[in-house]
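Below: the structure, in C-alpha cells.
We did not get these values from a lab; they are worked out from the coordinates using the rules stated. All of these numbers come straight from a predicted model, not from anything done at the bench. Virtual Cβ from ideal backbone geometry, glycine too; neighbours counted across all protein chains shown.
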Amino acid sequence: MYKKIILFLTIISLTSSVLAYQGKGFRIISERVKSSAKFNGSFESVSKEDFSKAMFASANASVYNVNGHPYEYIEIKGFHSVNINNYTSQRQRYSYAYNLKCADMWVTFERELELDPNGNFSDSSISRGTFQATGSGSFSIYANTDIAGAEIAHYVAQAIASIR
C-alpha cells in the first residue's frame, strides 16, 4: 500500500532571530529542538503583530498540501503561533511546543518561559522538513501547537503529501 519513506538531511540548522518573539515581562527559561531519527527539519522565527490584548493563551497552526514524485525531494512546511497573557497578580510559568510530522518523521521545537504579572508573550515560526519518497502514496502531514501552564491551548492542522 504505502512504500517506506526515506528522509535525507537537507536542513539541519535552526534559524532564529532574538527579536522574533515579542512581549513584556517574560523570561525564557529554556528551549530546544528535537526530531525523530529519520527526520531533520528546522524552525524559522517570523515577525508578527502585537497580540497583547489576546485571550490568556491561544495557539494556532496551519500546514499545506504538497505533491511530488518518487525520488524527488519534497519540502513540507507549517506555520505556528502562540499568544500568552498573564492578567493575574502572580508570576506564571508556561511551556509551548511546535510540531511538524509526516508519516513517522517529525521535528519539535519546545520553549519554557515565565510571565510576570500583566506580562504578555507572542511568537510565530515556520516549520520545515524535507523528505524523499521511494514510492507512490499519500501521507498525512500534521502541524500542531500546544501550550501548557495556568491556561492550556492546543491546535492541530492536517494536510496531505501526494506522491505520484
Segments 75-88, 147-160 sorted - mean Cβ within 10 Å per residue, highest first: 75-88, 147-160
Theoretical FRET efficiency, 1/(1+(r/R0)^6), r = Cβ-Cβ of E72 and I152, R0 41 Å, to 0.05: 0.55
Distance between modelled label sites at S95 and Q132, nm, 7 Å Cα→Cβ extension: 3.6 nm
